[in-house]
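**Student:** Sharing a structure with you now.
The values are calculated or read from the model by the stated rules, or taken from the named source; none is laboratory data. Source: prediction; values computed, not measured. Neighbour counts are summed over all protein chains in view; Cβ atoms, including those assigned to glycine, are modelled from backbone coordinates with ideal geometry.
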Amino acid sequence: MILYVTYNDQPSGVYWSQVTDVVAYMNGCDGPRVRLVAFVSARGYRASRRAIHEHDATAWVLPMVPTMRRWRWNILLFALVCLWSRPSGIMARGIFATGLALRLRKWGLTRHVCYDARGAYAAEWEEYRLIDDDHVIAQFRPLERIAIHDADIRLAVSAALVHHWAERYQWEGDAVEVIPCTLGADHVDQGPERAVNEGGRVRLVYSGSTAGWQSFALLENMLAPVLRDQPMVDVLFLSRPDGNNAALQARFPGRVEVRWAPASEVAGLLAGCDMGLLLREDTVTNRVASPTKFAEYLAAGLPVLISPHIGDFSEAVRVHGLGMVIDKSGRLPHLHPTDQATSDRMRSYARQHLTKRTFDAAYRRILYTLS
């Protein structure tokens, strides 16, 4: 058996597409059984357990020891899990899960560890201070270094992330697979037809949080002139209402819609739009990122309006004509509705390059290493 372990990742659309769907895919690869082990917050534990079991009925969902400072204390419960299941390998999502897995390998409770790296962890916590705790943040660089250097194999979401490891942590080697954030099951099976907006209107969509770290100021600076100068353009925020998107609504009444939808409905809502927005500020966090929305926009037939420095995706937009890379001015040309031929080409790219099946050989290599 192989364990796929997450630590403090809350149930969400990203969790379904990048965790439970990945476990399901690997279990279809004719290799060892892969079982999800999810350490979740004790606060709201029952709701998290129920949500995860709706997507993976066999997952083991366990309560974490409270507070980030005590993350190492979870080793005791994790050790009991390994004593019971005797895994040959552990695929660990993030540096905390990997830190625990490496300790268990040292104790002889597993033989192999894969570091599943979703981004540049130390950089993200240093740049955005996701919690205001210097003691915890100070642990990230040494923990990330250990995870990178000591794992038996690594999964990186972008080639830019592997380059970051070489620069910051002097890691060299070929025991790494680059697998971007791929389509979840809710987006893979969308039909070939895209809804067409009436009257020649153009609908831009931003899907995801509009919290500060997602660079809302950049988004607002780009959208405000477009909404002012191009009266046929509207914007949909697939986000929870907050002060940021509410202010834009107030400036452009009737032109900005804010709507929160469950993950299962997002693909259908995207299909009613013309272009997807993916703007982020220029930080290390964003330079190595692999936003899940990129694949989801393309799968819905939407070209992507993207910042010039987002992981490997900005270059893909340039090379393959998947939308527009926004220059430093943030100014957009006159926008037009997306035609069916362009929409079909976006969908085709997503199916060929951004599904889990595309990376079948990489997943099988990871499974082989962990067997």
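**Student:** Consider A138 carefully, then state whether it is among the small types (G, A, S), in contact with a Phe, Trp or Tyr (Cβ under 8 Å, 6 or more places away or on another chain) and under 23 Å from T67 (Cα atoms).
**Tutor:** For A138, the condition - among the small types (G, A, S), in contact with a Phe, Trp or Tyr (Cβ under 8 Å, 6 or more places away or on another chain) and under 23 Å from T67 (Cα atoms) - is not met.
**Student:** Moving on. Any residue at all in the range 69-83 that is at pLDDT below 95 and touching a His at 6+ places or on another chain (Cβ under 9 Å)?
**Tutor:** Looking through the range 69-83, at least one residue is at pLDDT below 95 and touching a His at 6+ places or on another chain (Cβ under 9 Å).
**Student:** Would you please name the residue that is nearest to L277 (Cα to Cα), looking only at residues in the range 215-230 that are modelled with pLDDT under 90 and in contact with a helix residue (DSSP H, G or I) (Cβ under 9 Å, 6 or more places away or on another chain)?
**Tutor:** Step by step, filter the range 215-230, then rank; the result is L219.
**Student:** From the list G272, G311, G330, which residue is over 30 Å from V176 (Cβ atoms), in contact with a helix residue (DSSP H, G or I) (Cβ under 6 Å, 6 or more places away or on another chain), touching a residue at least 24 places away in the same chain (Cβ under 8 Å) and not assigned by TED's automatic domain parsing to the domain that holds Y15?
**Tutor:** G330
**Student:** Same structure, new question: Are any residues in the range 140-161 crowded, with 20+ Cβ neighbours inside 10 Å and either among the aliphatic types (A, V, I, L, M) or over 15 Å from the mean Cα position of the chain (by Cα) (or both), and if so, which ones?
**Tutor:** E144, A147, I148, A151, I153, R154, L155, A156, V157, A160, L161
**Student:** To continue, here is another question. Got a number for residues in the range 1-33 being more than 12 Å from the chain's Cα centre (by Cα), of a type in the set (G, A, S) and either assigned to a helix (DSSP H, G or I) or closer than 24 Å to L83 by Cβ (or both)?
**Tutor:** 2
**Student:** Just to check your reading of the model, which residue among L83, L100 is out of contact with any Ser or Thr (no Cβ under 9 Å at 6 or more places or on another chain), crowded, with 20+ Cβ neighbours inside 10 Å and in the same structural domain as R365 (by TED's automatic domain parsing)?
**Tutor:** L100
**Student:** If only one of R69, R93 is over 24 Å from L370 (Cβ atoms) and among the basic types (K, R), which one is it? Talk me through it step by step, then tell me what you get.
**Tutor:** Working: R93 fails: over 24 Å from L370 (Cβ atoms).
R69 is the lone residue from the list that is over 24 Å from L370 (Cβ atoms) and among the basic types (K, R).
**Student:** Something else: Taking S48 as meeting all but one of (1) under 15 Å from the mean Cα position of the chain (by Cα); (2) closer than 18 Å to F96 by Cβ; (3) of a type in the set (S, T, N, Q), write down the number of the exception.
**Tutor:** Among (1) under 15 Å from the mean Cα position of the chain (by Cα); (2) closer than 18 Å to F96 by Cβ; (3) of a type in the set (S, T, N, Q), S48 violates only (1).
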